[in-house]
1. W205's amide H: which non-local residues (gap 5+, or another chain) put their own amide H closer than 5 Å, with H modeled 1.01 Å from N in plane and none for Pro or chain starts?
2. Run lengths n ≥ 4 of DSSP H only: what is the helix-derived mean residue ellipticity at 222 nm for the chain, with -39500 (n - 2.57) per run over all residues, to the nearest 500?
3. Give the long-range amide H neighbours of A416: residues separated by 5 or more places, or on another chain, with amide H under 5 Å away, using H modelled in the peptide plane at 1.01 Å from N.
4. Calculate the spin-label point distance for R346 paired with R63, positioning each point 7 Å from the Cα along the beta-carbon direction, and give it in nanometres.
5. Give the cross-link partners of K348 among the lysines, using a straight C-alpha distance below 27 Å as the criterion and excluding same-chain residues fewer than 8 apart.
6. Using a Förster distance of 30 angstrom, determine the FRET efficiency expected from the C-beta separation of Q118 and V241, and round it to 0.05.
7. Using the Cβ atoms and a cut-off under 13 Å, what net charge is assigned to the surroundings of A66, where Lys and Arg are +1 and Asp and Glu are -1?
8. Report ³J(HN,Hα) in whole Hz for each residue of the stretch 307-320, in order, from the Karplus equation J = 6.51 cos²θ - 1.76 cosθ + 1.60 where θ = phi - 60°; Gly and Pro get x.
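Bear in mind these aren't lab numbers, they're just calculated from the coordinates by the rules spelled out. Keep in mind that this is a model prediction, so the values were computed, not measured. Cβ sites come from the backbone with ideal geometry, for glycine too, and all protein chains shown count toward neighbours.
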Amino acid sequence: MLKAAFFLLAVVSPHSVAPAQARLARSAAPPSLVVLITIDQLRGDYLDRFGSQLTGGLARLVRGGAWFTNAHHDHAITETAPGHATLLSGRFPRSTGITANRAGVFDTSARLLDTPDQPGASPHQFRGTTLIDWLRARDARSRAFSVSMKDRGAILPIGRLREQVYWYVPTGRFTTSTYYADSLPSWVKRFNNRRLPQSFAGRSWVPLLPDSAYRERDSVHFENRGANVVFPHRVSSDTAVAASEVRVTPWMDDIVLAFAVEGLRELSLGKGRHTDVLAVSLSATDIVGHSYGPDSKEIHDQMLRLDRALGSFLDSVYKSRDPSSVVVILTSDHGVGTIPELAAERLKPAPARVNLSPAVARLRASLREAKVDTLAIAVDQQVVTANRAVFGKSALTADAALAAFARDVRAMPGIARVDRFADLAADTATDPTARRWMHQFREAADAVELVITQTPMSLWSTIPASHGSPYDYDTHVPLIFYGSAFRPGRYPEFVRTVDLAPTIAVAVGLKPPERLDGVILKRALK
């Protein structure tokens with residue numbers, strides 16, 4: 001059924017629903033505010049898994065929204081930057097140019113304001129447009145405000161426009177870069193001067209509910225690299241240290257949401273007859289999930305606290321704006337896999353932590369022996385590129401070197417397959433892994449030769465739990481549309497995160513000016 005649903009969606013052209021857009025535009029005024037809430041690392045099963053204990057904002061969206069329960073990031077490197085870039089653009093990483101975190105927002109030319117010790121950031125690598133571009137083309141008064149703990153979480157949903165974009169730095173402040181402004185607005189400075197992150201110094205994160213409400217073990221050695229694995233988790237009493245440590249607690253979301261509410265008020269978003277955008281990316285679930293894993297008591301408590309924090313946030317939005325003119329979307333940038341050492345108890349082959357260094361060293365040695373530049377073939381974790389021109393008339397050809405490296409890697413524990421990228425196009429109809437890799441890169445422009453897929457739950461790093469694979473546990477995320485334009489209910493069909501933007505475009509009465517990879521989810525629309 002999943003494959004059939006995919007083909008049904010894939011053959012629908014965005015242009016075929018223009019009459020639906022016209023009908024909506026005639027029948028109702030567009031919403032004044034679109035609120036995108038992206039929960040970093042919110043795995044697709046969490047809302048059902050913790051659903052009986054949710055009473056706040058998550059519960060409100062689940063029960064009153066159009067919830068697509070089988071939504072996926074349909075690309076292979078399921079990381080924060082590629083995921084966020086798909087959401088309001090409606091395009092896969094191959095189209096946005098944001099193919100991995102390391103091809104994200106790092107930009108030495110865009111220094112951070114009042115924060116010289118942190119790396120610069122901008123959307124300079126992002127290609128194409130997003131929802132706010134489309135809105136501005138219709139009405140130049142439309143504005144966007146985006147905030148996250150992470151620079152890439154704040155920047156990439158907005159695309160290349162110079163809007164109000166802010167993120168958190170470990171010193172305990174929100175900032176932006178010179179790409180967006182020459183100085184911080186007075187309201188941001190006032191918020192920073194409140195020193196809200198530092199106020200958590202000396203406090204302890206304890207479970208919200210009695211112990212009987214949690215099924216998970218509290219003491220698991222593999223969590224957090226064996227340190228500080230049991231509640232309570234105390235934040236340092238040193239305020240400078242606390243400003244960084246608070247990121248590994250649910251309170252980080254509270255801080256970001258407080259900043260979002262302040263910005264909404266100060267910028268007067270959603271008060272005009274045009275449509276504004278508020279994008280909020282919440283990162284605590286990701287940081288807690290990386291540290292303690294998706295099966296931990298910590299992630300359970302994080303979800304309960306997130307639910308309540310979102311409830312307060314939505315209450316603030318609806319008290320200050322007409323609820324009938326607000327559209328809310330909830331989704332995530334990726335999922336997460338079980339800690340490999342815990343997954344090994346039930347998975348065969350057992351997951352592994354893969355280190356390609358020995359294979360890369362042998363590749364370099366073979367190139368050196370053939371008198372070929374050792375950087376002629378670049379291995380960037382799961383992606384291998386080659387500069388074929390460097391090989392010249394060498395006895396060692398690029399194809400021979402790549403084939404030898406592929407054989408070497410395939411023999412390693414934790415490796416499921418090594419594919420020639422050029423061969424994957426023939427398999428996308430029957431092979432979801434091939435399809436997701438094809439959505440990741442442009443073959444000619446990105447010069448990708450090989451792509452490496454690990455076995456389920458295997459990881460590249462030593463971090464306790466992570467993501468980044470083309471498997472469903474990393475691609476599956478919630479997708480909920482909430483507001484008067486949408487038909488509440490649970491929709492089980494397979495959809496993609498690239499379908500979010502074209503669907504919202506219909507809800508605000510727009511037709512995107514460029515061809516999108518996503519399609520309109522018509523069942524969700526009234």
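1. Distant-sequence amide H within range of W205: H233, R234, V235.
2. Values: 20 runs with 174 residues, N = 526.
Only helices count here, giving -9000 deg cm²/dmol.
3. Result for A416 returns T453, Q454, T455.
4. About 3.0 nm, to one decimal.
5. K3, K297
6. 0.95
7. Working: positive: R63, R487, R490, K522, R523, K526; negative: E493, D499.
Result for the neighbourhood of A66: +4.
8. 4, 6, 5, 5, x, 5, 4, 5, 4, 5, 5, 6, 6, 9
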